Amino acid sequence: MGYLRIPPQSTNNSTKKKKSTKKQKIRVKRKIQTRDAKLFSVPTRMATAFSFAQTVLFSKTSLSLRTNALRSLTFCLPFSSSSAALASDKPHSKKWRQPVTSALELGGVKIAKDDVLRDDPTNNVPDTIFAKLGMQLHRRDQHPLGILKNAIYEYFDTNHSNKFDKFDDLCPLVSVKENFDDVLVPADHVSRSYNDTYYVDSQTVLRCHTSAHQAELLRRGHTHFLVTGDVYRRDSIDSTHYPVFHQMEGVRVFSPEDWAASGADATSYVAEDLKKCLEGLARHLFGAVEMRWVDTYFPFTNPSFELEIFFQEKWLEVLGCGVTEQEILKRSGKTNNVAWAFGLGLERLAMVLFEIPDIRLFWSTDERFTSQFLKGQLGVKFKPYSKYPPCYKDVSFWISESFTENNLCEVVREVAGDLAEEVQLIDNFTNKKGMTSHCYRIAYRSMERSLTDEEINKLQGTVRELVESKLKVVLR
Ligand code: PHE
């Protein structure tokens, strides 16, 4: 869930009501630094999202950006991907792409390929990402993500007598307003940058979190709901990061009569209810585990928390949550109410529960993967069917002002697709002239077969070419 926790501009969250312990503060700071290191490797830290977007805009036409189970004919046949989106970096040059022959329908919205991959300079969606739209892994009852979603539904249905309305087919194309403004993400928040989010045009994005649907559902009068869906983020490449993943959002609205009898103030009452509810959920999924609450920051909740569980000898972050900012409720016409909200990443939990070692496996159509999971069977341990050797290739270059690691990773994904296992910075120095060199090690590995030297050399050759032409760096 990462970057939405980053407070705007400062590590000092002055809006936080609850006092953090020193340890907790350090924790938040460390996260921020990690993210900064990734997003702001050049001193653009203080730039507004818009100017930052311009800095990385070169990536738009050239590098386009980041789901699940088969549901109907249109979804059975994802659009074929190509390396087309890398065709050019000139702001107004045409992206080569396959002719549009079909459209898909998501949550009642018809989406043509041309609606998502546009020759608009503010579009950074690559074909590889478009190809994931409509896959909806979370709607497959025999897929680990679908099994997990159903287990969470079961918990809420049992403990809240079927009160929660469920949505798992809302269209992932949302407005900037829905994705950010409606949930109070500040105008200069890093998550709005073109480096982090997939923009279809300046006003439309592929949702980067399921919170994008909160305000609309509240406005429509829902008071208890769960939203599950595919979300999209530009990111690094490793075994736990993929540009498309799945989240579940939960929201519950309370009325004065709910907290009146308790004697507690509304915020404390709701925060307590939230914690009890989510601790119960964690026990439902993981059994009798040790848990702890950590204060954190989200733009849309205050106070905000993370739930961690002690599982397999490690503290594991399970979800983010908090008491909904009053402004969100006010704007939805709910002035007398108080609410809680939570958001959890399905892959993160499923990887632990099913012992799935690499996030790319969720997308596998290999029977050796898909046949291991059955409807209703949470936590069946995945048996790795083989481990093919990785092949490492290094690429070194002098970076440019606008270089970002996310843009590099997008080039690698565009060329190598799911063969790209990891991209890691292994060397970084600045010479006397002030030029900075980066060396990245790319691990190529297939989940399904051995790769040949020839094939990898070819991929690496293309990566080198495109890194130079698209990212404006100088190869060494
Ligand atoms: N939207 C948050 C994220 O993606 C998760 C969240 C949802 C946190 C609701 C608090 C409340 O990181």
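Look at Trp315, Trp398, Trp259 and count the other Cβ atoms within 10 Å of each Cβ; fewest to most, that gives Trp315, Trp398, Trp259.
Amide H contacts of Ile111 (H built 1.01 Å from N, in plane; Pro and chain starts excluded): Leu104, Glu105, Leu106 sit under 5 Å, all sequence-distant by 5 or more or on other chains. For region 439-468, GluC sites (Glu not before Pro) are listed when DSSP marks them as loop and at most 16 other Cβ atoms sit within 10 Å of their Cβ; the list is Glu448.
Once you reduce region 384-404 and region 125-177 to the center of their Cα atoms, the two points are 31 Å from each other.
Restrict the search to region 279-342; then list the GluC sites (Glu not before Pro) that DSSP places in a loop and that have at most 13 other Cβ atoms within 10 Å of their Cβ. In loop regions of region 279-342 (DSSP not H, G, I, E or B), the sparsely surrounded GluC sites (Glu not before Pro) are Glu313. When every Cα-Cα distance of region 131-254 is counted in 5 angstrom steps from zero, the calculated P(r) takes the values 2, 10, 19, 22, 20, 15, 9, 3, 0 percent. For region 391-475, taking Cα atoms only, Rg and Dmax work out to 13.1, 46 Å respectively. Evaluated over region 391-475, the count of Lys pairs having alpha-carbon atoms less than 27 Å apart is 9 (only pairs 8 or more residues apart or interchain). Fully extending the segment from Lys472 to Ser268 would add 68.2 nm, taking 0.36 nm per residue of separation and subtracting the current Cα-Cα distance. Among the GluC sites (Glu not before Pro) found in region 328-400, those both in a DSSP coil and sparsely packed, with 14 or fewer other Cβ atoms within 10 Å of their Cβ, are Glu355. Cβ crowding within 10 Å ranks Met447, Met291, Met435 as Met435, Met291, Met447, fewest other Cβ atoms first.
Annotation: the residues Trp340, Trp363, sorted from fewest to most other C-beta atoms within 10 Å of their own C-beta, follow the order Trp363, Trp340.
In order along region 251-262, phi translates into HN-Hα couplings of 9, 9, 9, 10, 10, x, 5, 5, 9, 3, 6, 6 Hz, rounded to whole numbers, per the Karplus curve 6.51 cos²θ - 1.76 cosθ + 1.60 with θ = phi - 60° and x for Gly and Pro.
Every number in this text was worked out from the coordinates using simple rules, so none of it is lab data. Because the structure is a prediction, the values reported are computed rather than measured. We place every Cβ from the backbone using ideal geometry, glycine too, and count neighbours over all the protein chains shown.
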